[in-house]
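Structure first, then comments.
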Amino acid sequence: MYAEVAKTDSIAPGGMIAVEVSGKELVLCNYDGKVYAIDRRCGHMNAPLEKGTLEGYILTCPMHNSQFDITTGEALSTPVPRDFGDEPFPESLQKYFQYLGTLMSEIKTCDLKTYPVKIDGDSILADIG
Ligand code: FES
């Protein structure tokens, strides 16, 4: 079932927006003259993906940098640790990060669901099922 999710002028080329329709949270991505609809929540730990970055067809999560192909929803990478520079953390913080790292290694990064999109006049429609 297709439903209007946004207007065509609401997403700049190369941009993305979050929308919620009938309880479904989506991110609409404007890539290479086409609009793609993908689950809003990261397949790792639910971060809101529109707060990440879109480079070409690759969406990078703002929380732990997992990357997704917006055309297929495929998870292209697992989380990538951030570089905090050479300044050492206090020992207690190092232990906490080590603990988090152990937990994170057990969390799978799942593929995302994508939704067919079509344009009707100035409306973006997505098949949200
Ligand atoms: S929540 Fe997206 S990579 Fe962890």
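The values are calculated or read from the model by the stated rules, or taken from the named source; none is laboratory data. This is a predicted model, so every value here is computed, not measured. Counting neighbours? That spans all protein chains shown, and the Cβs are built from the backbone with ideal geometry, glycine included. Keep in mind that these areas ignore ligands, DNA and RNA; they rest on the heavy atoms of the full protein, side chains included. Shrake-Rupley method; radii C 1.70, N 1.55, O 1.52, S 1.80 Å.
Checking each residue in the range 45-57 for being near the ligand (Cβ under 7 Å from one of its atoms) and open to solvent by 20 Å² or more (accessible area, probe 1.4 Å) picks out 45, 46.
Please go through the range 52-109 and give me each residue that is among the hydrophobic types (A, V, I, L, M, F, W, C) and more than 21 Å from residue 26 (Cα to Cα), ordered by number.
Correct list: 80, 84, 89, 93, 97, 100, 103, 104, 107.
In the range 106-128, of all residues being of a type outside the set (Asp, Glu) and exposed (fewer than 10 other Cβ atoms within 10 Å of the Cβ), the one that is nearest to the ligand (Cβ to nearest atom) corresponds to 108. Within the range 58-88, the residues that satisfy the criterion of being out of contact with any strand residue (DSSP E or B) (no Cβ under 6 Å at 6 or more places or on another chain), modelled with pLDDT of 90 or more, away from the ligand (no atom under 11 Å from the Cβ) and not β-branched (Val, Ile, Thr) are 69, 74. Examine the range 26-35 for a residue that is in contact (Cβ under 8 Å) with a residue 12 or more places away in the chain, assigned to a loop (DSSP other than H, G, I, E, B), surrounded by 19 or more Cβ atoms within 10 Å (Cβ to Cβ) and within 13 Å of the chain's Cα centre (by Cα), and state whether such a residue exists. Scanning the range 26-35 turns up no residue that is in contact (Cβ under 8 Å) with a residue 12 or more places away in the chain, assigned to a loop (DSSP other than H, G, I, E, B), surrounded by 19 or more Cβ atoms within 10 Å (Cβ to Cβ) and within 13 Å of the chain's Cα centre (by Cα).
Conditions (1) farther than 28 Å from residue 124 by Cβ; (2) touching a Ser or Thr at 6+ places or on another chain (Cβ under 9 Å); (3) open to solvent by 90 Å² or more (accessible area, probe 1.4 Å), marked per residue:
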| position | (1), (2), (3) |
| --- | --- |
| 14 | no, no, no |
| 59 | no, yes, no |
| 66 | no, yes, no |
| 71 | no, yes, no |
| 88 | yes, no, yes |
| 99 | yes, no, yes |
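Checked against (1) free of Cβ contacts under 8 Å to residues at least 40 places away in the same chain; (2) within 16 Å of the ligand (Cβ to nearest atom); (3) open to solvent by 40 Å² or more (accessible area, probe 1.4 Å); (4) of a type outside the set (Phe, Trp, Tyr), residue 23 meets all criteria but (2).
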